[in-house]
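The values are calculated or read from the model by the stated rules, or taken from the named source; none is laboratory data. For clarity, every value in this text was computed on a predicted model and none was experimentally measured. Note: ideal-geometry Cβ built from the backbone for every residue, glycine included; neighbour counts use all protein chains shown. Side chains are part of the model used for accessible areas, which takes the heavy atoms of the whole protein and leaves out ligands, DNA and RNA. Shrake-Rupley method; radii C 1.70, N 1.55, O 1.52, S 1.80 Å.
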Amino acid sequence: MAKRALITGITGQDGSYLAEHLLSLGYQVWGLTRGQANPHKMRVQKLASELSFVDGDLMDQGSLVSAVDRVQPDEVYNLGAISFVAMSWQQAELVTEVNAVGVLRMLEAIRMVSGLTTSRQAADGQIRFYQASSSEMFGKVTESPQNEQTVLHPRSPYGVSKAYGHLMTRNYRESYGMFGVSGILFNHESPRRGPEFVTRKISLAVAQIKLGLQKELRLGNLDAVRDWGFAGDYVRAMRLMLAQDEPVDHVVGTGRVHSVRDAVRIAFECVGLNWEDHVVVDPALVRPAEVELLCADSTRARENLGWEPSIDFPELMQMMVESDLRRAGRERDYAEVLSAGSW
Ligand code: NAP
Ligand code: G4F
């Protein structure tokens, strides 16, 4: 019988790639969507037409119990979050409610629907739970590269909220015998990445500048270093973690690092431009407490899951720039047709 998966965060970057991946493996997939007319829902439905939807919000315990009860999933992937780190200083309480308490609510929903108590531990056939943990939890790193044992020192309300969800998932595993795992994923990007994140902000600006639609790109800290990979590769690791015999957390990243400055240079080179002619450093975009360096030691994921990334960073930036060039070109042509009055 086909496995049933419930994905929160279905309208986000990873939700769409994971839905496509699970559907391609024969799963029945439900996406949790919030709000009475979520504008992102149609976008993901276009990508994965066999996808079903169920209403719910990580802020609302009852809605999660109803969703889990209705879908009766074999696997729950909790990808829903407010994921933009910079925003977490402005709305720390909301970020904590969604990213931290939201994880507890989903664990509780699974526990209630499964009838688990501390005296009645989960058995075979239980609902398996994946939590989207983040390398942002390592923050002010104590060692490099970072692995599953590296001390957590988050530097933002977002990082702190993710640390709570991470530890609570471990606690439900230890308290109730739940098959709950966290994937500690390093930055992963794609043409579907939100425009507020630095790689996509860069690829969108490069396309606009190349077409003469924009002049400059304002950025914050160019010295920050990240381990960037392709989102389509990372969702494979999520499923593999739930397919193991034992629930074990895994770090997922490429082990290769680049600075924001490298990212800008590579992206502008894709269209034959010099980044220094266009990039302006804006101190207002520098964060109150920066994470300077993240680099993954994914030895466990490679050995246990057989996971490997398939795309390197220059290829990823090229993919994103080309996609945004096509999009910007279409929009410009459309605007020209409209202004020529030929419609
Ligand atoms: P994303 O594109 O920002 O998507 C976030 C998703 O969360 C959206 O579908 C959003 O739905 C949903 N959401 C927000 N508030 C919610 C709420 N109250 N209840 C239910 N859903 C809610 O993020 P992503 O890049 O796909 O990342 C997926 C997950 O992995 C996140 O938890 C993120 O923190 C984590 N993560 C990401 C990375 C990365 O580099 N991408 C690395 C490590 C960890 P709406 O359409 O309703 O807003
Ligand atoms: O692209 P970013 O906003 O990603 P960040 O903060 O590393 O967080 C992403 O990865 C985490 C995993 O490590 C996820 F958990 C999280 O949800 C998210 O997906 O910023 C990357 C770096 C930062 O050091 C930032 O200060 O780029 C620097 N940066 C410099 N100028 C900028 C900008 N970031 C953004 N977003 N915008 C700028 O103008």
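Within the stretch 158-170, is there a residue that is within 10 Å of ligand 2 (Cβ to nearest atom) and assigned to a loop (DSSP other than H, G, I, E, B)?
No, there is no match, as no residue in the stretch 158-170 is within 10 Å of ligand 2 (Cβ to nearest atom) and assigned to a loop (DSSP other than H, G, I, E, B).
When only residues in the stretch 195-223 that are within 14 Å of ligand 1 (Cβ to nearest atom), surrounded by fewer than 19 Cβ atoms within 10 Å (Cβ to Cβ) and touching a residue at least 24 places away in the same chain (Cβ under 8 Å) count, which is farthest from Leu294 (Cα to Cα)?
Top of the filtered list is Glu196.
Please determine whether any residue of the stretch 66-75 is among the basic types (Lys, Arg) and either under 21 Å from the mean Cα position of the chain (by Cα) or over 19 Å from Met106 (Cβ atoms) (or both).
Within the stretch 66-75 (the criterion being among the basic types (Lys, Arg) and either under 21 Å from the mean Cα position of the chain (by Cα) or over 19 Å from Met106 (Cβ atoms) (or both)), the answer is no, since none of the residues qualifies.
Identify, from the list Val95, Val44, the residue that is assigned by TED's automatic domain parsing to the domain that holds Gln126, more than 27 Å from Met137 (Cα to Cα), within 21 Å of the chain's Cα centre (by Cα) and buried (at least 21 other Cβ atoms within 10 Å of the Cβ).
The match here is Val44.
Report yes if some residue within the stretch 132-141 is more than 10 Å from ligand 2 (Cβ to nearest atom) and either modelled with pLDDT under 95 or touching a Ser or Thr at 6+ places or on another chain (Cβ under 9 Å) (or both); otherwise report no.
Looking through the stretch 132-141, at least one residue is more than 10 Å from ligand 2 (Cβ to nearest atom) and either modelled with pLDDT under 95 or touching a Ser or Thr at 6+ places or on another chain (Cβ under 9 Å) (or both).
So the check is Cβ under 6 Å with 6+ separation or different chains; which pairs have a first residue in the stretch 88-99 that's farther than 13 Å from Tyr164 by Cα and a second one that's assigned to a helix (DSSP H, G or I) and within 12 Å of ligand 1 (Cβ to nearest atom)?
Cβ pairs passing all conditions: Ser88/Val95; Ser88/Tyr158.
Kindly indicate whether Ala163 is modelled with pLDDT of 95 or more, open to solvent by less than 30 Å² (accessible area, probe 1.4 Å) and not assigned by TED's automatic domain parsing to the domain that holds Val101.
Spelling it out, it is not the case that Ala163 is modelled with pLDDT of 95 or more, open to solvent by less than 30 Å² (accessible area, probe 1.4 Å) and not assigned by TED's automatic domain parsing to the domain that holds Val101.
Can you tell me which residue in the stretch 282-295 is nearest to ligand 1 (Cβ to nearest atom), limited to those that are touching a strand residue (DSSP E or B) at 6+ places or on another chain (Cβ under 9 Å) and open to solvent by 80 Å² or more (accessible area, probe 1.4 Å)?
Filtering first and then ranking leaves Glu292.
Please determine whether any residue of the stretch 130-144 is among the hydroxyl-bearing types (Ser, Thr, Tyr), free of Cβ contacts under 8 Å to residues at least 12 places away in the same chain and closer than 26 Å to Asn304 by Cβ.
Scanning the stretch 130-144 turns up at least one residue that is among the hydroxyl-bearing types (Ser, Thr, Tyr), free of Cβ contacts under 8 Å to residues at least 12 places away in the same chain and closer than 26 Å to Asn304 by Cβ.
Filter the stretch 158-182 down to the residues that are under 19 Å from the mean Cα position of the chain (by Cα) and charged (D, E, K, R) and list them by number.
Of everything in the stretch 158-182, just one residue is under 19 Å from the mean Cα position of the chain (by Cα) and charged (D, E, K, R), namely Lys162.
Please pick out the residue among Arg155, Arg192, Arg128 that is more than 16 Å from ligand 1 (Cβ to nearest atom), open to solvent by 50 Å² or more (accessible area, probe 1.4 Å) and within 20 Å of the chain's Cα centre (by Cα).
The match here is Arg128.
Looking at the stretch 299-315 only, could you name the residues that are surrounded by 14 or more Cβ atoms within 10 Å (Cβ to Cβ) and of a type in the set (Gly, Ala, Ser)?
Ala301
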